[in-house]
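Just below is one structure, and these are the notes that go with it.
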Amino acid sequence: METESLKDRMLHIAQIGQEADGSISRVFGSDAYEEAAKEMQAYMQASGMESYIDSVGNVHGIYRCRQEHAKEILIASHLDTVLHGGVFDGLLGVMAGIECVRRLQEEGRELFVDVHVIATNGEEGNELGGTFGGRAMMGMLPETAAFYALAEKYGYTKEKLAQALYDTSRCMCYLELHIEQGNLLEKEHRQIGVVTGIVGLERYNVTIDGQSNHAGTTMMEYRDDALVKAGKFITAMDQKAREIGDRLVCTCSRLSVEPNVLAVINRQVSMVLECRNQKKERMRELIRAAEELLEKLHGTIGCLVQKDPVDCDPKIVQTMEGICRERKIAYQDMPSGATHDGNSFAKKMPIGMLFVPSKNGLSHCKEEATDWDDIALGISVLYETLLRLGQAE
Ligand SMILES: [Zn+2]
């Protein structure tokens with residue numbers, strides 16, 4: 001494995017959109033993204049692939065096999081970053097796909113499938129919603145006037161959005177190598193994470209009402225302080241999530257406190273309650289507890305986002321585990337706590353994902369790092385997975 005040149009190529013792309021502090025801002029809709037997309041297309045072409053940028057900014061590279069009417073295996077990840085992000089998130093998975101194609105040629109291997117590498121656009125949170133490029137390909141964008149108006153701001157007309165729809169009839173599966181973005185692998189001293197699924201995510205708008213009054217003259221027993229009730233609610237949700245366990249996580253954020261001035265008891269607090277888990281039932285349990293408590297606190301709850309959990313394909317998971325066992329690689333089965341493009345592709349085809357360790361569990365920041373030896377290992381497992389899936393008929 002030529003990790004040196006892979007490293008050079010990655011760092012070359014990563015410098016596009018690099019900020020003075022060393023972080024990388026290749027965000028959705030930016031000039032840096034467009035420049036990186038063109039650069040990526042050139043890399044794909046130089047690596048022996050047909051390449052094009054689709055109508056929503058996803059970069060495609062196709063390496064065809066000699067079979068007629070062959071199926072194809074997608075290897076994808078995202079090319080955009082968050083604002084002030086790092087080198088490895090997303091970019092690693094795209095470069096890994098191209099590296100697999102390079103190795104196929106170097107080793108003179110013939111597959112029964114085409115290999116289709118995709119660098120997706122707008123995977124990170126953005127105004128049009130995260131996993132934008134992947135959802136456009138899978139026909140999952142909202143078909144509302146409001147969304148079309150918003151998309152126009154970025155130059156994506158209704159026609160362009162429709163053009164991005166991808167015919168999945170030849171797709172055998174979707175594979176992705178990604179950094180873990182957590183510290184489980186590092187803590188457990190594992191080099192590879194075999195992803196079993198991507199957790200679901202639910203977000204709710206919570207509003208708690210109280211009564212504003214003079215903060216000096218209103219004795220404690222006569223108060224109905226919305227902020228105090230909000231505090232109880234947040235603590236109760238934190239406790240309930242721990243009680244339910246099974247890797248359920250819950251977070252309250254975006255607090256807005258009214259009137260939030262000195263000498264006045266607060267009359268209303270609104271916030272967003274978010275929970276994530278691989279099992280929908282665990283999230284239901286938490287939200288039921290939230291509803292019960294809010295009834296007592298004079299609060300309301302309304303759903304903002306509901307993304308169902310996604311399971312990785314058991315056969316692909318077994319293939320990846322088998323490779324790790326045979327090669328005596330320390331691996332760990334684990335769900336992904338973060339959303340990925342795989343969420344969208346899973347609606348249409350089997351998916352499989354691999355994680356490599358994130359140093360100190362950090363990501364979405366300039367300190368984001370993965371050991372180059374771990375990267376080489378991750379790519380070799382991805383490559384072996386591709387060979388096993390692509391050579392079997
Ligand atoms: Zn990512």
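The table for this structure:
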{"read-out": "Alpha-carbon centroids, region 75-96 and region 121-188: separation in whole Å", "value": "14"}
{"read-out": "Computed over the chain: relative contact order in percent, which uses C-alpha pairs under 8 Å that are six or more apart", "value": "22"}
{"read-out": "Accessible surface, region 247-317, averaged per residue in Å² (probe 1.4 Å)", "value": "59"}
{"read-out": "Around I244: net Lys/Arg minus Asp/Glu count, Cβ-Cβ under 9 Å", "value": "0"}
{"read-out": "GluC sites (Glu not before Pro) within region 70-114: DSSP coil, no more than 12 neighbouring Cβ in 10 Å", "value": "E107, E110"}
{"read-out": "For S270, solvent-accessible area (1.4 Å; no DNA, RNA or ligand), Å²", "value": "30"}
{"read-out": "Which of M49, G17, H214, positive extreme of dipole for the chain (C-beta unit charges)", "value": "H214"}
{"read-out": "Tensor-based shape of region 321-393 (alpha-carbon gyration tensor, a/c under 1.5 rounded, otherwise prolate or oblate)", "value": "oblate"}
{"read-out": "Given charges at beta-carbon only (K, R positive; D, E negative), |dipole| of the chain in Debye", "value": "820"}
{"read-out": "Dipole of the chain, positive direction: furthest Cα of L185, G231, L201, with charges on the beta-carbon", "value": "G231"}
{"read-out": "Positive dipole terminus of region 207-359, leading residue within S358, V249, L273 (C-beta point charges)", "value": "S358"}
{"read-out": "Prolate/oblate/rounded label for region 144-210 (Cα gyration tensor, a/c 1.5)", "value": "oblate"}
{"read-out": "Taking region 218-311 and dividing mean pair separation by its residue count, relative contact order in percent (alpha carbons under 8 Å, at least six apart)", "value": "27"}
{"read-out": "Set of lysines with alpha-carbon distance to K296 below 21 Å, sequence-local pairs under 8 removed", "value": "K229, K232, K240"}
{"read-out": "Sequence of D373, D54, D238 when ordered by accessible area, the most exposed leading, probe 1.4 angstrom", "value": "D373, D238, D54"}
{"read-out": "Trypsin sites (Lys or Arg not before Pro) lying in DSSP loop within region 294-370, provided at most 13 other Cβ fall within 10 Å", "value": "R327, K328"}
{"read-out": "Carbon and sulfur %, accessible surface of the chain computed with the full protein complex present, 1.4 Å", "value": "48"}
{"read-out": "Point-charge dipole on Cβ atoms (K/R +1, D/E -1) for region 166-278, about Cα centre, debye to 20", "value": "40"}
{"read-out": "Pairs beyond 31 Å (Cα-Cα), from K7/K158; K38/K328; K153/K366; K38/K366; K307/K328; K328/K348", "value": "K7/K158; K38/K328; K307/K328; K328/K348"}
{"read-out": "Sum of side-chain charges, A76 neighbourhood, beta-carbon under 12 Å (Lys, Arg +1; Asp, Glu -1)", "value": "-4"}
{"read-out": "Two-decimal log10 I(q)/I(0) for the chain, as the Debye equation yields it once each C-alpha is a single scatterer, q = 0.06, 0.09, 0.11 Å⁻¹", "value": "-0.27, -0.58, -0.83"}
{"read-out": "Region 252-393 - charge dipole about Cα centre, Lys and Arg +1 at Cβ, Asp and Glu -1, debye rounded to 20", "value": "300"}
{"read-out": "Sequence-separation-based contact order of region 343-393, relative, with Cα cut under 8 Å and 6+ spacing, percent", "value": "27"}
{"read-out": "Distance (nanometres) between label positions extended 7 Å along Cα→Cβ at E50 and V305", "value": "3.6"}
{"read-out": "For region 198-282, alpha-carbon Rg relative to the globular expectation (2.2 N^0.38 Å, N residues)", "value": "1.32"}
{"read-out": "GNM top mover of G216, G352, G61 - the chain, alpha-carbon springs below 10 Å", "value": "G216"}
{"read-out": "Vicinal HN-Hα couplings computed from phi for region 94-104 (Karplus, 6.51 cos²θ - 1.76 cosθ + 1.60; Hz; Gly/Pro x)", "value": "5, 4, 5, x, 5, 5, 4, 5, 4, 5, 4"}
{"read-out": "Low-density loop cleavage sites - trypsin sites (Lys or Arg not before Pro) in region 52-123, where at most 12 other Cβ are within 10 Å (DSSP)", "value": "R66"}
{"read-out": "Longest to shortest principal axis, alpha-carbon extents of region 86-146, angstrom", "value": "50, 31, 8"}
{"read-out": "Separation of the N213 and L150 label points, Cα + 7 Å toward Cβ, nm", "value": "4.1"}
{"read-out": "Kirkwood hydrodynamic radius of region 115-169, from inverse mean 1/r over distinct Cα pairs, in Å", "value": "11.6"}
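The values are calculated or read from the model by the stated rules, or taken from the named source; none is laboratory data. Keep in mind the model is a prediction, meaning the values are calculated, not measured. Note that each Cβ is placed from the backbone with ideal geometry, even for glycine, and that neighbours are counted across all protein chains shown. Side chains included, ligands, DNA and RNA excluded: accessible areas come from the protein's heavy atoms. Shrake-Rupley method; radii C 1.70, N 1.55, O 1.52, S 1.80 Å.
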